[in-house]
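Remarks on the structure that follows.
The values are calculated or read from the model by the stated rules, or taken from the named source; none is laboratory data. Worth saying up front: this structure is predicted, and the values here are computed from it rather than measured. Cβ atoms come from the backbone with ideal geometry, glycine included; neighbour counts cover every protein chain shown.
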Amino acid sequence: MSKKKKTKIKAIGLIVEDNSDFNSFKIIISRITKKDNLTFKKAVGNGCGKMKRKAVSYANILSKKGCDLIILVHDLDRNDINILRKELNQIINSSNAKNKFVCIPVEELEGWFLGDPEGIKDTFGLGRVPKIKGKPESVDSPKERLEDFVYQCSNKSKIYLNTKHNDLLSERLDLQKIRNKCDSFKEFEVNINEFEY
C-alpha cells in the first residue's frame, strides 16, 4: 500500500482571538515546520463568542484569499475540552476550506510558555527560575501566573505584557520542553506535521 501524499501548504489562515495570538502562532508554526517562507493570513475574532459565530465565514474568506490550510485557535479557558473540541470541529467542518483543524491550547497559549521555566528566566533576564508546580496545562489563569512569575522573579522590576512579550517567548522558548509537558501543544504539532511545506 502506498503512503498517502501530504498536501503541500504555502499559505496558512489563522482564526484567532487577538493579534498577539496570531503573531505567536505564526512564529511557532514557522519554527515547527522550519520554514520561513510561509504566508500567513488572519481573521481576528476579538473574543471567543464572536470568533465562534463568525468562524465559518472567516474560514471561507481565508480560503478564497488563497490559504491552503485553516487553523481555528480557541483557548480552553475553563470549558470541557471534549465538548469544546466537538463544537469547534462541527463549526470548522461546515466551512468550504479543504484542509483545516482546531487547536485548543490548555488553558491558553501562555500555559504552553510555562512549559519552559528556564526559557522564561532567560527571555526576561530574571534573577531566578519561576517554580511551576505540576503540569503547565493544570495551571489556572496561566497568563496571570506568567505575569506574576516575571514580576516576582525580577524583584518586582519587570512587567510581562502578552501583547508585547508573547512574540519573544514564541521565538525563544524550547519547543522540545513544551512538547514534553503540554499535550495540547504536542497535538498541535502532530496536526501541523500532517502537511508538507
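Looking across segment 100-115, just one residue is assigned to a loop (DSSP other than H, G, I, E, B) and under 12 Å from F149 (Cβ atoms), and that is L114.
The residues of segment 79-99 that are touching a strand residue (DSSP E or B) at 6+ places or on another chain (Cβ under 6 Å) and either assigned to a helix (DSSP H, G or I) or closer than 29 Å to L168 by Cβ (or both), listed by number, are L88, N89, I92. Of the conditions (1) over 18 Å from the mean Cα position of the chain (by Cα); (2) loosely packed, with under 13 Cβ neighbours inside 10 Å; (3) over 27 Å from K6 (Cα atoms); (4) not charged (D, E, K, R), Q90 clears all except one; give me its number. With (1) over 18 Å from the mean Cα position of the chain (by Cα); (2) loosely packed, with under 13 Cβ neighbours inside 10 Å; (3) over 27 Å from K6 (Cα atoms); (4) not charged (D, E, K, R) applied to Q90, the lone miss is (3).
Considering (1) aliphatic (A, V, I, L, M); (2) at pLDDT 95 or above; (3) more than 26 Å from A11 (Cβ to Cβ), the lone condition that I132 does not fulfil carries the number (2). Apart from one condition, S57 fits all of (1) assigned to a helix (DSSP H, G or I); (2) free of Cβ contacts under 8 Å to residues at least 40 places away in the same chain; (3) under 30 Å from P136 (Cα atoms); the exception is (3). Once segment 1-26 is narrowed to residues that are among the hydrophobic types (A, V, I, L, M, F, W, C), in contact with a helix residue (DSSP H, G or I) (Cβ under 9 Å, 6 or more places away or on another chain) and closer than 14 Å to P105 by Cβ, the residue that is surrounded by the fewest Cβ atoms within 10 Å (Cβ to Cβ) is F25. Take segment 126-156 and flag every residue that is under 15 Å from P105 (Cα atoms) and touching a residue at least 24 places away in the same chain (Cβ under 8 Å). Within segment 126-156, K135, P136, E137, V139, D140, S141, P142, K143 meet the criteria. Scanning segment 27-67 for residues that are among the β-branched types (V, I, T) and within 30 Å of D174 (Cβ to Cβ), we see that the one that is surrounded by the fewest Cβ atoms within 10 Å (Cβ to Cβ) is T39.
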